[in-house]
Amino acid sequence: MVTLTHYLVLSAVLFAIGTTGVFLRRNMITVLLAIEIMLNAVNLTLVAFGRYLGSVDGQIIVFFVVTVAAAEAAVGLAIVIALFRVRESLDPDAFTTLKW
């Protein structure tokens with residue numbers, strides 16, 4: 001039987017993978033994907049607690065988190081594409097200033 005602890009451990013592992021990806025990767029697309037992994041880890045925690053407590057509040061919050069994640073992905077990808085056109089690089093260290 002899968003318990004709340006299993007969901008929380010899986011969520012913690014996913015969040016750690018996402019955090020590691022944000023700090024260690026040198027590609028902006030990969031960093032955006034790592035942020036999505038962290039958001040999904042939080043969603044898993046919210047749904048697990050909502051089910052454990054017998055409430056739908058967690059699922060409602062997940063709906064808003066997914067909405068914000070979709071907007072974040074669209075805006076983030078647009079910024080990355082615009083920066084790539086100017087700098088021709090996806091290295092986050094190349095974007096230390098907004099001056100070109």
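Brief remarks on what is shown
- Residues located in the stretch 7-36, provided they are among the β-branched types (Val, Ile, Thr) and out of contact with any Asp or Glu (no Cβ under 9 Å at 6 or more places or on another chain): Val9, Val13, Ile17, Thr19, Thr20, Val22, Ile29, Thr30, Val31
- Here Arg51 fits the description: under 22 Å from Val2 (Cβ atoms) and of a type in the set (Lys, Arg).
- Residue that is in contact with a Ser or Thr (Cβ under 9 Å, 6 or more places away or on another chain), modelled with pLDDT of 90 or more and either surrounded by 15 or more Cβ atoms within 10 Å (Cβ to Cβ) or not polar (S, T, N, Q) (or both), where the choices are Ala70, Ala78, Ala34: Ala34
- Considering the stretch 49-67, and only residues there that are within 19 Å of the chain's Cα centre (by Cα) and of a type in the set (Phe, Trp, Tyr), the residue that is surrounded by the fewest Cβ atoms within 10 Å (Cβ to Cβ) turns out to be Phe64.
- Taking the numbered list (1) of a type outside the set (A, V, I, L, M); (2) open to solvent by 60 Å² or more (accessible area, probe 1.4 Å); (3) under 30 Å from Ala78 (Cβ atoms) in turn, Asn27 passes all entries but (2).
- Taken together, the residues in the stretch 81-100 that are without any contact (Cβ under 8 Å) to a residue 12 or more places away in the chain and loosely packed, with under 10 Cβ neighbours inside 10 Å amount to 6.
The values are calculated or read from the model by the stated rules, or taken from the named source; none is laboratory data. Fair warning: this is a prediction, and the values are worked out from it, not measured in the lab. All Cβ positions, even for glycine, are placed from backbone atoms using ideal geometry, and neighbour counts span all protein chains on display. We work out accessible area using only protein heavy atoms, side chains counted, and drop any ligands, DNA or RNA first. Shrake-Rupley method; radii C 1.70, N 1.55, O 1.52, S 1.80 Å.
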